[in-house]
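Here's the structure, in structure tokens; my notes come after.
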Amino acid sequence: QVQLGESGGGLVQPGGSLRLSCAASGIIFSLYTMGWYRQAPGKQRELVAVISSSKWTNYVDSVKGRFTISRDNAKNTVYLQMNSLKPEDTAVYYCNAGGSSKGYWGQGTQVTVSS
């Protein structure tokens with residue numbers, strides 16, 4: 001049984017930082033491309049960042065230079081370091097393994113950026 005468990009969300013002031021974690025089980029983690037998606041109220045889910053099995057990374061333009069995705073294959077965990085957070089980053093953040101069409105999803109963690 002595949003499980004993806006996100007943690008690290010919360011309420012932060014604009015300009016602050018958060019680090020999201022996603023622990024995976026039930027898959028050969030090192031072989032999977034891992035991604036972070038987010039969905040804000042009334043909006044479609046969007047890909048925020050992705051890291052391949054060879055640690056190639058890519059980001060949506062709106063977070064480039066502020067967010068960093070990384071992975072620790074020994075811990076079966078993917079991270080999203082979020083700096084200089086803005087109110088428009090407010091969303092539920094989801095961890096994904098294997099792509100949006102056929103992959104696996106976590107339950108999501110809420111990130112709220114507000115003063």
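Taken over the stretch 20-30, residues that are in a strand (DSSP E or B) and either open to solvent by 30 Å² or more (accessible area, probe 1.4 Å) or among the polar types (S, T, N, Q) (or both) amount to 3.
Matching residues to (1) in contact (Cβ under 8 Å) with a residue 60 or more places away in the chain; (2) surrounded by fewer than 18 Cβ atoms within 10 Å (Cβ to Cβ); (3) out of contact with any helix residue (DSSP H, G or I) (no Cβ under 7 Å at 6 or more places or on another chain):
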site: 13; (1), (2), (3): yes, yes, yes
site: 18; (1), (2), (3): yes, no, yes
site: 32; (1), (2), (3): yes, no, yes
site: 46; (1), (2), (3): no, yes, yes
site: 56; (1), (2), (3): no, yes, yes
site: 70; (1), (2), (3): no, yes, yes
site: 78; (1), (2), (3): no, no, yes
site: 96; (1), (2), (3): yes, no, yes
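Residues 92, 111, 60: which one is among the aliphatic types (A, V, I, L, M), touching a helix residue (DSSP H, G or I) at 6+ places or on another chain (Cβ under 7 Å) and surrounded by 14 or more Cβ atoms within 10 Å (Cβ to Cβ)? Outline the logic, then answer.
On the way: 92 fails: touching a helix residue (DSSP H, G or I) at 6+ places or on another chain (Cβ under 7 Å); 60 fails: touching a helix residue (DSSP H, G or I) at 6+ places or on another chain (Cβ under 7 Å).
None of the other options fit; the residue is 111.
Within the stretch 3-20, take every residue that is in contact with a Ser or Thr (Cβ under 7 Å, 6 or more places away or on another chain) and among the aliphatic types (A, V, I, L, M) and give me the one that is nearest to residue 48 (Cα to Cα). Checking each candidate, the answer is 20.
The values are calculated or read from the model by the stated rules, or taken from the named source; none is laboratory data. All of these numbers come straight from a predicted model, not from anything done at the bench. Reconstructed Cβ throughout: ideal geometry from the backbone, glycine too, with neighbour counts over all protein chains shown. The accessibility values were calculated without ligands, DNA or RNA, using every heavy atom of the protein model including side chains. Shrake-Rupley method; radii C 1.70, N 1.55, O 1.52, S 1.80 Å.
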